[in-house]
1. Within the stretch 90-98, does at least one residue satisfy the condition of being assigned to a helix (DSSP H, G or I) and either modelled with pLDDT under 95 or within 26 Å of residue 49 (Cα to Cα) (or both)?
2. Quick one: which of 107, 147 is in a helix (DSSP H, G or I) and over 30 Å from residue 51 (Cα atoms)?
3. If I filter the stretch 118-131 down to residues being touching a helix residue (DSSP H, G or I) at 6+ places or on another chain (Cβ under 9 Å) and modelled with pLDDT of 95 or more, which single residue comes out as nearest to residue 76 (Cα to Cα)?
4. Using beta carbons and a limit of 7 Å, which pairs, at least six apart or on different chains, have the first residue in the stretch 1-24 and without any contact (Cβ under 8 Å) to a residue 60 or more places away in the chain and the second one in a loop (DSSP other than H, G, I, E, B) and surrounded by fewer than 18 Cβ atoms within 10 Å (Cβ to Cβ)?
5. From the list 21, 7, which one is surrounded by fewer than 17 Cβ atoms within 10 Å (Cβ to Cβ) and closer than 28 Å to residue 132 by Cβ?
6. Just one of 140, 60, 96 is surrounded by 15 or more Cβ atoms within 10 Å (Cβ to Cβ) and in contact with a strand residue (DSSP E or B) (Cβ under 7 Å, 6 or more places away or on another chain); which is it?
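The values are calculated or read from the model by the stated rules, or taken from the named source; none is laboratory data. Small disclaimer: the values here were computed from a predicted structure and weren't measured. Every residue, glycine as well, gets a Cβ built from its backbone with ideal geometry; the counts of neighbours run over all protein chains shown.
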């Protein structure tokens, strides 16, 4: 059983000019573990060119540190998503993210581009909920969870691959005592 710890970054605005349904993935970062206590087998990281909203908002660029050039030169979602699914490998595997947003965004992007979404909801693990349950606390952001575990945030927060690496550190602690 593989565990794919992934994080997405998406177009965003802070002025209410666009709704949640207009957000598009602009980065996918992921790590593949060969088990819940396992070794990191590989990483997947790519920018994704948005098609519905252009250019990136100042808010989005400042939040994520993703440059307009990064997404302008990137492949579009219909090219990226099949590569991501292939990289995930043959089933069985679980997609794991900090909250439900990322899983839902993948589903939304597939619908936007008329791609089949090949994953069932029971293939998703919400690590934010697992953390809250394990530590008997309210669900919180990744950064707060890292502080609670006294793990330094590595890399740049709100970058897909860096957040995936940090989430993996949390997951390995959550799963340390599991068989």
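1. No, that holds for no residue.
2. Checking each option against the conditions leaves just 147.
3. Out of the qualifying residues, it is 124.
4. Here the result reads 12/57; 13/57; 22/52, each pair linking the stretch 1-24 to a residue that is in a loop (DSSP other than H, G, I, E, B) and surrounded by fewer than 18 Cβ atoms within 10 Å (Cβ to Cβ).
5. After applying the criteria, what remains is 21.
6. On the way: 140 fails: in contact with a strand residue (DSSP E or B) (Cβ under 7 Å, 6 or more places away or on another chain); 60 fails: in contact with a strand residue (DSSP E or B) (Cβ under 7 Å, 6 or more places away or on another chain).
Criteria check complete, one pass: 96.
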